[in-house]
Amino acid sequence: MTRVPATRTLENALRRGGFLNVAGVDEVGRGCLAGPVVAAAVVLHPDRHVAWVSDSKHVPAAERELLYAEIIRCAVAWAVAEADPAEIDRINIHQASLRAMQRAVLLLTPLPDVVLVDAFRVPDLPMAQRGVAHGDRRCSAIAAASIVAKVTRDRQMRELHDRDPRYGFDRHKGYATADHLDAVARYGYSDMHRRSFRPSARFDTID
C-alpha cells in the first residue's frame, strides 16, 4: 500500500469545537505469539507539526526511530502502557489491548479533553472519545501513537532477544514467522510466549 501521511483535519475540527487537548491512542502486538501488547497515547502540539507521520506499519524501521524522537519532542503529552503475556492469556488479547490503551490515556499529563481511537471504543475513560475507522492511516494523533507504540515494543523485543536469543525476537518481534515457529517447535514456549496463542497443530505437543 502506498504510504500517505495522516492529516490533522479531525484534530483541528475538534479543537475548533472547544476540545483543547486531543489525544490519539493505538496499540501494537495484537497478533504476536510472544511479548506484550503495547499501547501509546499522544497529544500532538497544534503549532509543532511533525511531517510524514503515518501508520507505523508503512514506515521503515529507521524512519520510525526518527519520527519517534520528533513526536515525543514536540508532543504536548505522551505515554505508553502494556499488557504482558500472562494478562493476555488471562483475559484475551482484545480485552488486554483495550486495557493497555486505557492505561496509556490515563497516564497522560494533563489528561486529554477527547481521545481518538483506531476503530475500538476504550472502556472506562473519564473523557469523550471517538472511534476512527482506519485511524492510524487518517489521523495524525493516532498515527503518532502507533509509531510510539511500535518503536517502544520493538525495543522491548530486542531486549528480550538479548536475554534469550533462541527465538530470534530481534528479527520477527514475536510474530509467527517460519523461523519463530521452528524455534518454538524446537525449544517450546518461553516465559514471554502467550500460552493462549496456538496458530498451528504442531504446537499441540508443546507444554
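Coordinate-derived values only; no laboratory data. Here the structure is a predicted model, which is why all the values come from computation and not from measurement. Note: ideal-geometry Cβ built from the backbone for every residue, glycine included; neighbour counts use all protein chains shown.
Structure summary
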| item | result |
| --- | --- |
| Cα-based Rg and Dmax for the chain, where Dmax is the largest Cα-Cα distance (Å) | 17.5, 58 |
| Per principal axis, descending, Cα span of segment 85-207 in whole Å | 49, 25, 25 |
| Relative contact order for segment 1-121, counting Cα pairs under 8 Å that sit 6 or more residues apart, in percent | 35 |
| Percentage relative contact order, the chain, counting C-alpha pairs under 8 Å, at least six apart | 29 |
| Gaussian network model of the chain, springs between alpha carbon atoms under 10 Å - residue of LEU66, LEU33, LEU160 with greatest fluctuation | LEU66 |
| GNM top mover of TYR175, TYR68, TYR187 - the chain, alpha-carbon springs below 10 Å | TYR187 |
| In order through segment 15-24: 3J(HN,Hα) via Karplus (6.51 cos²θ - 1.76 cosθ + 1.60), integer Hz, x for Gly, Pro | 5, 5, x, x, 8, 6, 9, 10, 9, x |
| Under the Debye formula (equal points on every Cα, no solvent term), log10 I(q)/I(0) of segment 69-154 at q = 0.21, 0.22, 0.24 Å⁻¹ | -1.11, -1.21, -1.41 |
| Residues with amide H under 5 Å from that of GLN129, placed H, sequence gap 5 or more | VAL115 |
| Helix-only [θ]222 nm of the chain, DSSP H runs n ≥ 4, -39500 (n - 2.57) each, per residue, nearest 500 | -12500 deg cm²/dmol |
| For segment 104-143, the Rg and Dmax computed from alpha carbons only, in angstrom | 10.0, 26 |
| Segment 68-114 - percent relative contact order, Cα under 8 Å, separation 6 or more | 43 |
| Neighbour net charge for SER54 - beta-carbon separation under 14 angstrom, K R +1, D E -1 | +1 |
| Cleavage-rule hits (trypsin sites (Lys or Arg not before Pro)) in segment 73-174: DSSP loop, at most 13 neighbouring Cβ within 10 angstrom | ARG121 |
| From phi via Karplus (6.51, -1.76, 1.60), per-residue ³J(HN,Hα) for segment 182-187 in Hz, x at Gly/Pro | 5, 5, 5, 4, 7, 10 |
| Compactness of segment 1-103 - radius of gyration and Dmax, Cα, Å | 15.1, 43 |
| Residue among ALA100, ALA39, ALA51 with the largest mean-square fluctuation in a Gaussian network model of the chain, springs linking Cα atoms under 10 Å | ALA51 |
| Around TYR68: net Lys/Arg minus Asp/Glu count, Cβ-Cβ under 13 Å | +1 |
